[in-house]
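> I'd like to ask some things about the structure below.
The values are calculated or read from the model by the stated rules, or taken from the named source; none is laboratory data. The structure displayed is predicted, hence computed values, not measured ones. Note that each Cβ is placed from the backbone with ideal geometry, even for glycine, and that neighbours are counted across all protein chains shown. In case anyone asks, the SASA skips ligands and DNA or RNA and just uses the protein heavy atoms, side chains included. Shrake-Rupley method; radii C 1.70, N 1.55, O 1.52, S 1.80 Å.
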Amino acid sequence: MQKAIRVKALDVHYGRSRALKSVSMDIPERSVVALIGPSGCGKSTFLRCLNRMNDTVPGAKVEGDVEVDGHSVYRNGTDVVELRRQVGMVFQKPNPFPKSIRDNVLFGPRLHRRMDRAECDRVLESSLRRAAIWDEVKDRLDAPAMGLSGGQQQRLCIARALAVEPRILLMDEPCSALDPIATAKIEELIQDLKKELTVVMVTHNMQQAARASDYTGFFYLGELVEFGTTKQVFENPREKRTEDYVTGRFG
Amino acid sequence: MSRLARRHLAHRVATAACLALALVAVFPLVSVLWELVRHGADVVTWEFLTTPPALPLEPGGGIQHAILGTGVVVGLGTLMGAPLGLLIGAYLAESRGKRAATVRTVVDAMAGMPSIVAGLFAYAVVVAAVGFSGWAAASAYAVLMVPTVTRTTEEALRTVPQSYRDASLALGSPRWRTMLLVVLPAAWGGVLTGLLLGVARVAGETAPLVVTMIATPFVSTDPAHSLATLPMLIYDYGKSAYPKLNAQAWGAALVLILMVLALNILVRGMSALRERRLKG
């Protein structure tokens, strides 16, 4: 199967502390990957390396390499703007802009190209539909996004990320601030998305990883302890530490 | 006395003390306003605001020239100083490290600069080049305005959550567009407040005017020459030998303070309105 992302011996330091220790991972196209592990083990750091969001963290130093669709992400001359158009991101806490629903969704596309009215409307509707929130907001597209519920805000943020048509979507604990019903909606959504794109998701919820993902990576203290199909990692882990974690014996 | 009664007593004494001190703090402000209204209210008429000055011994005449002049000088000063303050403030809010810290220290030192020093700076640089003029006065105002605008802009931009910046950057927006399209609009109320605070701060400054322009009784809006201004007019009229001019000085002072007050109220109204709209 085609690889969407190839990570080779990735090392990250924050000042003097080493957050990631030589992590390598090949992520197949059109799959859902769950990253699990206790807090502070490097999952989010790893995720933020894939679209170079760590660039904004002072004192962060990245070694090794990441390839997205065969192109190196950390080589000189990588266009970070173009990279982030290919690799979208959804954050832990819903973070819509204090603008209208419409302006939130169209923010990304408008950055990258000129669009006439008809095209705006088309992108708006298709993005909101793909994020399964169109029916709930179609009558109030110009209302402030801050007035939506938490779950709706998160789906709006997904719609906003999808509007620039990324090939990969990174999600950093996308459901941790949501109730079970909103969580179920987002998980359903992820299953739809994987028909078209690759999803890499950090989660603290073991059941969510087991339900929603095709592959699972277990991080511990900055190391990728185990990476394999979700079925294998949960039912037949190779490492003792993985088994202890997924069965809830520690962490 | 029981413990509870003692605590109630302490509560009442503390409340009364706070109230008394608050009144002491407000007293000078209120008494200044009161004196201005007492002496100036009768002087301020529509005619006073809209006619040029008359000769000292003739009746009537107004301060139109000074209102226009103050408008021009403050306006030009804002056009020069505000963009500079905004840009420095944006830089300070978005960058860390030694260089930003140095800039911040310099701006703080500037904030404490006596206004006469700003005036002398304008005298040495602008007056020497183009003579006594509205340009010279406006550049002194600009220098005075920069620290206020810089610091309030920085504070306002820093209150914008990092999550907005992250969201914008993750959508492939360069930092300058993130600033322009996300951070600045989200902090607009605070930035505008800072801007108008800067304007209010300089509008009444007199010292820089004394060394950059020569008092004139003519109505003009041409900054290439000396312009009449409210602070300078108040200063001249106040020490004049003619009772009519003394009275008009009170009127002009009242006008000046009302202008500053109006600016402040405008700012508050605007930011309150904006906040209500965005919170949804």
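> Quick one: in the range A:17-46, of everything that is touching a Leu at 6+ places or on another chain (Cβ under 8 Å), within 16 Å of A:D65 (Cβ to Cβ) and among the aliphatic types (A, V, I, L, M), which residue is surrounded by the fewest Cβ atoms within 10 Å (Cβ to Cβ)?
Checking each candidate, the answer is A:M25.
> What about B:G81, is it of a type outside the set (S, T, N, Q), assigned to a helix (DSSP H, G or I), in the same structural domain as B:V255 (by TED's automatic domain parsing) and in contact with a Phe, Trp or Tyr (Cβ under 6 Å, 6 or more places away or on another chain)?
no
> Those residues that are under 20 Å from B:R175 (Cβ atoms), open to solvent by 50 Å² or more (accessible area, probe 1.4 Å) and more than 7 Å from every other protein chain (Cβ to nearest Cβ), I need them from the range A:83-102; list them, please.
A:K99
> Go through the range B:207-221 and report how many residues are modelled with pLDDT of 90 or more and assigned to a loop (DSSP other than H, G, I, E, B).
3
> For the range B:12-34, which positions are within 17 Å of B:M259 (Cα to Cα) and open to solvent by less than 70 Å² (accessible area, probe 1.4 Å)?
Initially, the range B:12-34 is screened for residues within 17 Å of B:M259 (Cα to Cα), giving B:29-30, B:32-34.
Answer for the range B:12-34, where residues must be within 17 Å of B:M259 (Cα to Cα) and open to solvent by less than 70 Å² (accessible area, probe 1.4 Å): just B:L33.
> Could you please let me know if A:R167 is closer than 18 Å to B:G172 by Cα, open to solvent by 10 Å² or more (accessible area, probe 1.4 Å), away from chain B (no Cβ under 11 Å) and touching a strand residue (DSSP E or B) at 6+ places or on another chain (Cβ under 9 Å)?
It is true that A:R167 is closer than 18 Å to B:G172 by Cα, open to solvent by 10 Å² or more (accessible area, probe 1.4 Å), away from chain B (no Cβ under 11 Å) and touching a strand residue (DSSP E or B) at 6+ places or on another chain (Cβ under 9 Å).
Listed here are the residues, each with its yes/no results for (1) more than 14 Å from chain A (Cβ to nearest Cβ); (2) among the aliphatic types (A, V, I, L, M); (3) open to solvent by 20 Å² or more (accessible area, probe 1.4 Å); (4) touching a Ser or Thr at 6+ places or on another chain (Cβ under 9 Å).
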site	(1), (2), (3), (4)
B:T206	yes, no, yes, yes
B:T212	yes, no, no, yes
B:A224	yes, yes, yes, yes
B:M232	yes, yes, no, yes
B:Y237	yes, no, yes, no
B:A247	yes, yes, yes, no
B:W250	yes, no, yes, no
B:L254	yes, yes, no, no
B:M270	yes, yes, yes, yes
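> So, one more: Output the residues belonging to the range B:35-65 that are loosely packed, with under 13 Cβ neighbours inside 10 Å, among the hydrophobic types (A, V, I, L, M, F, W, C) and assigned to a loop (DSSP other than H, G, I, E, B).
Once the filter is applied, which keeps residues that are loosely packed, with under 13 Cβ neighbours inside 10 Å, among the hydrophobic types (A, V, I, L, M, F, W, C) and assigned to a loop (DSSP other than H, G, I, E, B), the range B:35-65 yields B:A41, B:L55, B:L57.
> Could you list, in sequence order, all residues of the range A:98-131 that are among the small types (G, A, S) and part of a helix (DSSP H, G or I)?
A:G108, A:A118, A:S126, A:S127
> So which residues in the range A:48-79 are within 23 Å of A:P174 (Cα to Cα) and either facing chain B (nearest Cβ under 9 Å) or open to solvent by 50 Å² or more (accessible area, probe 1.4 Å) (or both)?
If the condition is that a residue be within 23 Å of A:P174 (Cα to Cα) and either facing chain B (nearest Cβ under 9 Å) or open to solvent by 50 Å² or more (accessible area, probe 1.4 Å) (or both), then A:N51, A:M53, A:D55, A:T56 are the ones that fit.
> Being open to solvent by 20 Å² or more (accessible area, probe 1.4 Å) and β-branched (V, I, T) narrows it down to one of B:V73, B:V106, B:V127, so name that one.
That would be B:V106, the only listed residue that is open to solvent by 20 Å² or more (accessible area, probe 1.4 Å) and β-branched (V, I, T).
> Can you pull out the strands (runs of 3 or more DSSP E) entirely within the range A:1-97 that have at least 2 residues that are out of contact with any Gly (no Cβ under 9 Å at 6 or more places or on another chain)? Steps first, answer last, please.
Details: elements: A:3-14, A:17-28, A:32-36, A:60-68, A:87-90.
In the range A:1-97, the matching strands (runs of 3 or more DSSP E) lie at A:3-14, A:17-28, A:60-68, A:87-90.
> Here's a follow-up. Quick check, is B:G204 of a type outside the set (V, I, T), within 24 Å of B:G134 (Cβ to Cβ) and either under 19 Å from the mean Cα position of the chain (by Cα) or outside the structural domain of B:G269 (by TED's automatic domain parsing) (or both)?
Values: of a type outside the set (V, I, T): yes; within 24 Å of B:G134 (Cβ to Cβ): yes; either under 19 Å from the mean Cα position of the chain (by Cα) or outside the structural domain of B:G269 (by TED's automatic domain parsing) (or both): yes.
Yes: the conditions hold for B:G204.
> If you don't mind, there's one more thing I want to ask. What's the total number of residues in the range B:80-111 that are under 21 Å from the mean Cα position of the chain (by Cα) and in contact (Cβ under 8 Å) with a residue 60 or more places away in the chain?
Going through the range B:80-111 one residue at a time, the tally reaches 9.
> Continuing with this model, one more query. Whether any residue in the range B:168-175 is in the same structural domain as B:G112 (by TED's automatic domain parsing), within 14 Å of the chain's Cα centre (by Cα) and over 22 Å from B:A66 (Cβ atoms) is what I want to check. Break it down into steps so the answer makes sense when it comes.
We begin by selecting, within the range B:168-175, every residue in the same structural domain as B:G112 (by TED's automatic domain parsing); these are B:168-175.
Subset that is within 14 Å of the chain's Cα centre (by Cα): none.
Scanning the range B:168-175 turns up no residue that is in the same structural domain as B:G112 (by TED's automatic domain parsing), within 14 Å of the chain's Cα centre (by Cα) and over 22 Å from B:A66 (Cβ atoms).
> Could you list, in sequence order, the residues of the range A:195-247 that are of a type outside the set (D, E, K, R), open to solvent by 60 Å² or more (accessible area, probe 1.4 Å) and over 17 Å from the mean Cα position of the chain (by Cα)?
Those that are of a type outside the set (D, E, K, R), open to solvent by 60 Å² or more (accessible area, probe 1.4 Å) and over 17 Å from the mean Cα position of the chain (by Cα): A:Q207, A:L221, A:T229, A:N236, A:T247.
> Among the residues of the range A:103-114 satisfying the criterion of being closer than 23 Å to A:V80 by Cβ and open to solvent by 10 Å² or more (accessible area, probe 1.4 Å), which is nearest to the chain's Cα centre (by Cα)?
Going through the qualifying residues, I end up with A:F107.
> Checking the structure you have, find out if any residue of the range B:135-155 is in the same structural domain as B:T70 (by TED's automatic domain parsing) and not in a helix (DSSP H, G or I).
Taking every residue of the range B:135-155 in turn, none turns out to be in the same structural domain as B:T70 (by TED's automatic domain parsing) and not in a helix (DSSP H, G or I).
> Restricting attention to the range A:177-187, does a residue exist that is within 14 Å of chain B (Cβ to nearest Cβ), touching a residue at least 24 places away in the same chain (Cβ under 8 Å) and either assigned to a helix (DSSP H, G or I) or of a type in the set (V, I, T) (or both)?
no
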